[in-house]
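**Q** One structure follows; several queries about it will come next.
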Amino acid sequence: EVQKHSVHTLVFRSLKRTHDMFVADNAKPIPLDEERQVLHKVKMAVKLRTEYGSVLHMPTLKENLREKGGPNSGDPYGNKQYSGNQGQELEYLITGTHPYPPGPGVALTADTKVQRMPSESAAQSLAVALPASQSRLDANRTAAGVGDIYRHAGISERSQPPGMSVALVEAGGNKNSALMAKKAPTMPKPQWHPPWKLYRVISGHLGWVRCIAVEPGNQWFVTGSADRTIKIWDLASGKLKLSLTGHISTVRGVIVSARSPYLFSCGEDKQVKCWDLEYNKVIRHYHGHLSAVYGLDLHPTIDVLVTCSRDSTARIWDIRTKASVHTLSGHTNAVATVKCQAAEPQIITGSHDTTIRLWDLVAGKTRVTLTNHKKSVRAVVLHPRHYTFASGSPDNIKQWKFPDGNFIQNLSGHNAIINTLAVNSDGVLVSGADNGTMHLWDWRTGYNFQRVHAAVQPGSLDSESGIFACVFDQSESRLLTAEADKTIKVYKEDETATEETHPVSWKPEIIKRKRF
């Protein structure tokens, strides 16, 4: 009589039979015929040479193998040595990259008799003379660093001592690999720059001076203020030449065209205006932004204007037709600054969402988004000669490479809200902050060679100490700052200073650069 079982029991018995049937062959390679064995050997030989060829030629010292009972007993992984190689005397061992033979059926060559993981001491004592019979090419091979050996062997690099590397030392015609301590990288000596000193304070505005620009002919400069006016000043004498009224709120950005007699301005009234300087009148308005317009810039080679706004967008305008060519959307907070250049990427924006975006002008889309800053990016400046730029934020000033925005270095120490950056061809970077401090840096090394905190205008509150904008004139011999005490301050280099009277108080400190 057949015993009846529940469906549950029958299913599990079936599963067990299936499992028992296949468990014996689990992880066993499929037996190969002769042709496949040849192909498999070729494949494994190519793989071995391709992946581990760089270390297969590297010998290491015998570590008293006979005392330890031969290579098999010393192998921590219990690898068997092939019978074809048994009974032969080992001249040297190769620090293998795998704890097992390269593949089934592959005979180990004379160079790879034993494959085993190198101990820490073995990797660090890699110092035996190469055999005299080796060719000149082999003798000239560059020894890999200890870190390379560790990485190939799968051992954490952190276990090696800091600052150590393997170097080839030539002595008496023989090439020996020897351990040498490497110096930690140090900051190069910065270029000497003369200090800058305040030589003129210009008054006239009735509110914070928010923006400043110098005209291409270097005869005059223009400022925009919270008193809703735009003023044009003589650069040589500092006297007021002209006042322009038309904005109904704070003027946040001004720029003078080098291609036409036009001045462009933008403000917190959402307006972008084009002024004809022959008639001193507004001839065009650019409508489209939904909130305050914080900054603007002109393209150097084509008649295009770019503006950025609190509505989280930047807009590209055709100057002549007033048409909005592109709306650059992607930022998630106010866009504080925008810069243009002739090379790609042609537009760079910095935002209160802490990111910097590099834009494709033709497509109107983001090429790269840089997320390294932790706080709002209020200032971006392009180097006039190098293919690099800098960005300013309360956490750091960072330098970047075009076109992909590769990080170069941090300039740390200006611990304030950085509103503005300027750089000249001599490599002097200026950062101006909300607390009225101005730091001057050597662009190449990031060395802070001067700090300035000018006194506020008499009659102003100490709290009205802030720098909103700064710019070098066209000769780069004068530096103009727009400040919260309603003044424009003009600085110039101290002509009496020399490297002897104002030495660089620089020490070759070990570089500690952080990515973020």
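The values are calculated or read from the model by the stated rules, or taken from the named source; none is laboratory data. Given the structure is predicted, the values throughout are model-derived calculations rather than measurements. For neighbour counting, all protein chains shown are included, and Cβ atoms are generated from backbone atoms with ideal geometry for every residue, glycine included. In case anyone asks, the SASA skips ligands and DNA or RNA and just uses the protein heavy atoms, side chains included. Shrake-Rupley method; radii C 1.70, N 1.55, O 1.52, S 1.80 Å.
**Q** Within region 228-241, how many residues turn out to be open to solvent by 30 Å² or more (accessible area, probe 1.4 Å) and over 24 Å from E476 (Cα atoms)? Reasoning before the result, please.
**A** As a first pass, look at region 228-241 and keep what is open to solvent by 30 Å² or more (accessible area, probe 1.4 Å): 228, 234, 236-237, 239-241.
Applying the additional criterion that residues be over 24 Å from E476 (Cα atoms) yields 228.
Summing the residues that are open to solvent by 30 Å² or more (accessible area, probe 1.4 Å) and over 24 Å from E476 (Cα atoms) in region 228-241 gives 1.
**Q** Might you let me know whether region 286-298 holds any residue that is buried (at least 22 other Cβ atoms within 10 Å of the Cβ) and among the acidic types (D, E)?
**A** Yes, because at least one residue in region 286-298 is buried (at least 22 other Cβ atoms within 10 Å of the Cβ) and among the acidic types (D, E).
**Q** Give the residues of region 299-309 that are surrounded by fewer than 18 Cβ atoms within 10 Å (Cβ to Cβ) and of a type in the set (V, I, T), sorted by residue number.
**A** Listed by number, the residues that qualify are T301, I302.
**Q** Being touching a residue at least 24 places away in the same chain (Cβ under 8 Å), part of a strand (DSSP E or B) and of a type in the set (S, T, N, Q) is the filter here, so list the residues in region 217-244 that pass it.
**A** Listed by number, the residues that qualify are T223, S225, T229.
**Q** Checking A342 against (1) within 23 Å of T388 (Cβ to Cβ); (2) open to solvent by 30 Å² or more (accessible area, probe 1.4 Å); (3) among the hydrophobic types (A, V, I, L, M, F, W, C); (4) touching a strand residue (DSSP E or B) at 6+ places or on another chain (Cβ under 8 Å), only one condition comes out false. Which one?
**A** (4)
**Q** Looking for whichever is in a loop (DSSP other than H, G, I, E, B) and within 21 Å of D227 (Cβ to Cβ) here; the options are H247, H289. Which one fits?
**A** Among H247, H289, only H247 is in a loop (DSSP other than H, G, I, E, B) and within 21 Å of D227 (Cβ to Cβ).
**Q** Which of (1) on the phi < 0 side of the Ramachandran plot; (2) at pLDDT 95 or above does A343 not meet, given it meets every other one?
**A** Just one mismatch for A343, condition (2).
**Q** Shifting gears a bit: Would you pick out the residues in region 250-269 that are over 17 Å from H205 (Cα atoms), touching a residue at least 24 places away in the same chain (Cβ under 8 Å), outside any strand (DSSP E or B) and not small (G, A, S)?
**A** Answer for region 250-269, where residues must be over 17 Å from H205 (Cα atoms), touching a residue at least 24 places away in the same chain (Cβ under 8 Å), outside any strand (DSSP E or B) and not small (G, A, S): R259, E268.
**Q** Residues in region 246-269 that are open to solvent by 40 Å² or more (accessible area, probe 1.4 Å) and of a type in the set (V, I, T): how many?
**A** Matching residues across region 246-269 total 1.
**Q** Go over the candidates T245, T250 one by one and state the one that is more than 18 Å from C308 (Cβ to Cβ), out of contact with any Cys (no Cβ under 8 Å at 6 or more places or on another chain) and at pLDDT 95 or above. Steps first, please.
**A** Numbers: T250 fails: more than 18 Å from C308 (Cβ to Cβ).
Exactly one residue qualifies, and that residue is T245.
**Q** Just to be sure I understand the filter: pairs with C-beta atoms under 8 Å, separated by 6 or more residues or on different chains, first member in region 40-59 and of a type in the set (V, I, T), second member at pLDDT 85 or above. Which pairs pass?
**A** none
**Q** Assess whether W275 counts as being assigned to a strand (DSSP E or B), open to solvent by less than 30 Å² (accessible area, probe 1.4 Å) and more than 22 Å from T481 (Cβ to Cβ).
**A** On the way: assigned to a strand (DSSP E or B): yes; open to solvent by less than 30 Å² (accessible area, probe 1.4 Å): yes; more than 22 Å from T481 (Cβ to Cβ): yes.
The answer is yes for W275.
**Q** A213: out of contact with any His (no Cβ under 9 Å at 6 or more places or on another chain) and not in a strand (DSSP E or B), yes or no?
**A** no
**Q** Would you confirm whether any residue within region 310-325 is closer than 19 Å to H352 by Cα, in a loop (DSSP other than H, G, I, E, B) and either open to solvent by 40 Å² or more (accessible area, probe 1.4 Å) or among the aliphatic types (A, V, I, L, M) (or both)?
**A** yes
**Q** So, one more: From the set of residues in region 388-429 that are within 17 Å of V377 (Cβ to Cβ) and of a type in the set (V, I, T), which is nearest to the chain's Cα centre (by Cα)?
**A** Looking at residues that are within 17 Å of V377 (Cβ to Cβ) and of a type in the set (V, I, T), I get I408.
**Q** A follow-up question, please. Examine region 400-413 for a residue that is in contact with a His (Cβ under 8 Å, 6 or more places away or on another chain) and closer than 15 Å to W443 by Cα, and state whether such a residue exists.
**A** Within region 400-413, one or more residues are in contact with a His (Cβ under 8 Å, 6 or more places away or on another chain) and closer than 15 Å to W443 by Cα.
**Q** Which condition number does F221 fail, the rest of (1) open to solvent by less than 40 Å² (accessible area, probe 1.4 Å); (2) within 25 Å of G459 (Cα to Cα) being met?
**A** (2)
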